[in-house]
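The values are calculated or read from the model by the stated rules, or taken from the named source; none is laboratory data. From a predicted model like this one, the values you see are computed outputs, not experimental measurements. Positions of Cβ are backbone-derived with ideal geometry, glycine not excepted, and every protein chain shown enters the neighbour counts. Side chains included, ligands, DNA and RNA excluded: accessible areas come from the protein's heavy atoms. Shrake-Rupley method; radii C 1.70, N 1.55, O 1.52, S 1.80 Å.
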Amino acid sequence: MSAWLPTAPCTPRACVETPAAVPARRVPRALLRLTGVALLLLAGIALLPLGSRLPAGLVRRWCRWIVRAAGVRVRVTGATAVPTGGLLLVANHISWLDIPLLAAVRPARMLAKAEVRRWPVAGPLAARGGVLFIDRDRLRALPDTVARIAHALREGTAVAAFPEGSTWCGRAQGTFRRAVFQAALDARVPVQPVRIGYRLTGGPGRDAGATTAAAFVGDDTLLASLWRVATTRGLLAEVEIRAPIPPDCHPDRRSLARSAQPRETAPAWTHTVLVA
């Protein structure tokens with residue numbers, strides 16, 4: 001593994017809130033939730049050959065249904081996503097839930113690590129779905145990856161990326177890596193930052209605050225994370241869409257990445273609130 005690869009210090013044992021025991025009464029509902037997620041994923045796989053012919057609105061709803069099927073409510077606030085044309089969509093990275101949440105903002109080609117291509121079943125499906133792969137172990141391959149992303153952006157495609165390069169627990173976050181922002185500069189397309197967070201709610205008017213229950217970090221397994229999410233009560237995903245950063249507003253990728261980095265407080269232009 002290359003020394004330049006981004007890593008997070010977050011681990012399941014140190015960072016993730018895991019209940020000591022799941023009450024028996026929650027198990028049937030959790031199994032029902034996971035069944036719903038599986039059925040929605042199978043439906044998506046069946047429709048995969050249709051590709052870009054699927055209406056964007058249907059894709060967004062399908063992505064949100066996946067999150068809701070897992071038992072997670074969704075709150076979207078902020079600006080309106082750029083609806084058409086080339087766009088680099090960037091967000092902080094906490095959980096596997098971030099992927100459908102970001103696609104619910106605007107359907108896009110995802111940028112994923114090259115290892116995903118070698119995963120059984122998921123790898124071939126990701127490749128057929130238009131995922132752009134980045135080989136993080138080969139620094140020499142980075143310029144070619146940036147060029148492929150820029151080409152997709154010039155063609156009017158939205159590309160979604162998590163520039164931290166690794167998942168964090170949510171209470172801590174990484175720094176946005178600059179390479180992917182070079183593609184936006186080269187293609188002269190806007191960058192739309194999105195901030196994702198997770199909270200626990202105890203019912204109307206009750207808020208237990210930020211939680212790491214949804215985090216998928218370190219050596220955590222996908223199965224363990226799925227079960228933790230499905231058995232957590234009152235989990236809310238907050239998606240804050242920030243104003244797009246127009247082309248030519250920043251002279252280099254360093255300043256562009258710094259401008260897109262999520263901040264803790266919501267800006268004054270936030271004007272929409274959608275809860276599902």
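Could you tell me whether region 224-232 includes any residue that is open to solvent by 60 Å² or more (accessible area, probe 1.4 Å), farther than 30 Å from L142 by Cα and touching a Ser or Thr at 6+ places or on another chain (Cβ under 6 Å)? Write out each step before concluding.
First, pick out the residues of region 224-232 that are open to solvent by 60 Å² or more (accessible area, probe 1.4 Å): 227.
Add one more test, that the residue is farther than 30 Å from L142 by Cα, and what stays is 227.
Okay, now just the ones that are also touching a Ser or Thr at 6+ places or on another chain (Cβ under 6 Å), so none.
No; the residues of region 224-232 include none that is open to solvent by 60 Å² or more (accessible area, probe 1.4 Å), farther than 30 Å from L142 by Cα and touching a Ser or Thr at 6+ places or on another chain (Cβ under 6 Å).
For residues that are within 18 Å of L222 (Cβ to Cβ) and either open to solvent by less than 70 Å² (accessible area, probe 1.4 Å) or of a type in the set (D, E, K, R) (or both), tally how many sit in region 23-41. Quick ask: steps written out before the conclusion?
Taking region 23-41 and keeping what is within 18 Å of L222 (Cβ to Cβ), we get 30-31, 33-41.
This time we only want the ones that are either open to solvent by less than 70 Å² (accessible area, probe 1.4 Å) or of a type in the set (D, E, K, R) (or both), so: 30, 33-34, 36-38, 40.
Residues in region 23-41 being within 18 Å of L222 (Cβ to Cβ) and either open to solvent by less than 70 Å² (accessible area, probe 1.4 Å) or of a type in the set (D, E, K, R) (or both): 7 in total.
Which of the residues spanning region 132-166 are among the acidic types (D, E) and either outside any helix (DSSP H, G or I) or within 10 Å of R109 (Cα to Cα) (or both)? Walk me through how you get there before you give the answer.
Residues of region 132-166 that are among the acidic types (D, E), as a first pass: 135, 137, 144, 155, 164.
Result: D135, D137, E155, E164.
Any residue that is surrounded by fewer than 21 Cβ atoms within 10 Å (Cβ to Cβ), in contact (Cβ under 8 Å) with a residue 60 or more places away in the chain and not in a helix (DSSP H, G or I) - is there at least one of those in region 202-216? Full working, then the answer.
Residues of region 202-216 that are surrounded by fewer than 21 Cβ atoms within 10 Å (Cβ to Cβ), as a first pass: 202-210.
Cutting the leftovers down to in contact (Cβ under 8 Å) with a residue 60 or more places away in the chain gives us none.
No.
Just give me the residues in region 1-22 being surrounded by 12 or more Cβ atoms within 10 Å (Cβ to Cβ) and at pLDDT 80 or above, in sequence order. Don't jump to the end; show me each part of the working.
Filtering region 1-22 for residues surrounded by 12 or more Cβ atoms within 10 Å (Cβ to Cβ) gives 5-6, 8-12, 15-19, 22.
A8, P9, C10, T11, P12, C15, V16, E17, listed by residue number.
Checking the conditions here, which among R117, R136 is over 27 Å from A237 (Cβ atoms), modelled with pLDDT under 90, in contact with a strand residue (DSSP E or B) (Cβ under 7 Å, 6 or more places away or on another chain) and of a type in the set (K, R)? Break it down stepwise before answering.
Numbers: R136 fails: over 27 Å from A237 (Cβ atoms).
Of R117, R136, the one residue that is over 27 Å from A237 (Cβ atoms), modelled with pLDDT under 90, in contact with a strand residue (DSSP E or B) (Cβ under 7 Å, 6 or more places away or on another chain) and of a type in the set (K, R) is R117.
Being at pLDDT below 95, open to solvent by less than 30 Å² (accessible area, probe 1.4 Å) and assigned to a loop (DSSP other than H, G, I, E, B): is that true of V189 here? Step through it out loud before you land on a result.
On the way: at pLDDT below 95: no; open to solvent by less than 30 Å² (accessible area, probe 1.4 Å): yes; assigned to a loop (DSSP other than H, G, I, E, B): yes.
When the stated conditions are applied, V189 does not pass them.
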